[in-house]
1. Nearest 10 degrees, 0 to 90: what angle lies between the long axis of helix 46-62 and the longest principal axis of the chain (Cα atoms)?
2. Report Rg/Rh for the chain, rounded to two decimals, where Rg is the Cα radius of gyration and Rh the Kirkwood radius.
3. So which of 192/255; 82/134; 82/327; 67/135 end up more than 25 Å apart, counting from Cα to Cα?
4. ³J(HN,Hα) across segment 240-256 via Karplus (A = 6.51, B = -1.76, C = 1.60, θ = phi - 60°), whole Hz, x for Gly/Pro?
5. Ratio of Rg to Rh for segment 267-332, alpha carbon only, Kirkwood?
6. Name the residue from 348, 223, 115 whose Cα lies farthest towards the positive end of the charge dipole of the chain, charges +1 on Cβ of Lys and Arg and -1 on Cβ of Asp and Glu.
7. For segment 86-213, report the convex hull volume of the alpha-carbon atoms normalised per residue, in Å³, without decimals.
8. Would you mind computing the Rg to Rh ratio of segment 214-309 from its alpha-carbon coordinates, Kirkwood style for Rh?
Amino acid sequence: MTIASLIAAPSELTDNATSKTAIVLMTRIRLARNLAGQPFPGWARPAQRTQIMDVCREAVGASAPMKRALSVAVGELGELEKQVLVERHLISRELSGSAQGSAVVISRDQSFSVMVNEEDHLRIQILRAGFQLKKAWTTINELDTALEDNLDFAFSPTLGYLTACPTNLGTGMRGSAMMHLPALVMAGQMEKIVRAVNQLGMVVRGLFGEGSDASGSIFQISNQTTLGESEEEIIKRLNSALQSIVEHELNAREKLLEADAGKVFDKVGRAYGILQNSHLLSSSEAMNLLSLIRLGVDLGVFSDAYRSIIDRLFIETQPGHLQYAQKGQFDPSTRDLLRASRLRSEFANLTRPDFNSSSSGKN
């Protein structure tokens, strides 16, 4: 498999056939692991990084879920290829800018990716469309066990898995969900949700993690502590918190419709009109407009079949994907033209909103 064929293939997040759900767009679990007796990537010399990279790539490629996977050194990737992988959540921004001796191994269906020599020797992650936290944990645990059969991980009986950052000590696990929360944003309740989540030992970030904004009313909610709890306990606590946020979002939608349904539907209708006719759209504006269309799908204004289309466009209208599709790098104003053209083409084939069939009860 080549990087070109992987990008061209449907992914867990861009495949129209993948089942999509309201509110939770994606579930992700990530495990941080390091090799015993080896310096962490930030302290390793170039020759040590290369040796560690080779050992890790061989072990990952030999595991059953990663057979016939793409295995590539970061230095062999072009800038747009790296940007596309970041936008698909397959590598981090940190890995995309890493030095010699870093790599990534990505499964053919793009549900698994293993970053080598990012902050830790291995960052193992699984992506699942929709709300599949428990299933994702079971699946990634199998890969972790297979890797541990061939690699000697740094582990302390008292501290658990040893990691470059102390906040990852213990299980080394971060579970997260990417959530679409437009009603909570419209109702001005997100600040309250963030405070409540922080008190539960969890953190709220934007679409692309730490330092990113919440364009499109999309937030990542993840556990913040990994020490002192088992993986199962973390999953249970995170699952409970996420379920509570889903209920708050559904309640916020009902209250908005009860208070002024016309205002909500006006926003959805205007978004549809702009996406059909606009000739300049920034990435942030496009995300916010698509967010309103997705809300319209959840409320029954559009067919459920449109949800997967919108989820795909959230990814494919990002700067890297737009430029990669056009085989060139462009200034922001040209990207805005390309983005608007792409969205006009997509929305030319979508039927008009039907506000008469809308419902506040879908979830």
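1. Helix 46-62 and the main axis of the chain meet at about 70 degrees.
2. Radius of gyration over Kirkwood radius for the chain works out to 0.98.
3. Over 25 Å apart, Cα to Cα: 82/134.
4. 5, 5, 5, 4, 5, 5, 4, 5, 5, 5, 5, 5, 5, 5, 4, 5, 5
5. 1.01
6. Towards the positive end, the residue furthest out is 348.
7. With only Cα atoms used, segment 86-213 gives 143 Å³ per residue.
8. Ratio of gyration radius to Kirkwood radius: 1.09.
The values are calculated or read from the model by the stated rules, or taken from the named source; none is laboratory data. No experiment lies behind these values; they were computed from the predicted model shown. Virtual Cβ from ideal backbone geometry, glycine too; neighbours counted across all protein chains shown. To get the accessible areas, we keep the full protein, side chains included, count just its heavy atoms, and leave off ligands, DNA and RNA. Shrake-Rupley method; radii C 1.70, N 1.55, O 1.52, S 1.80 Å.
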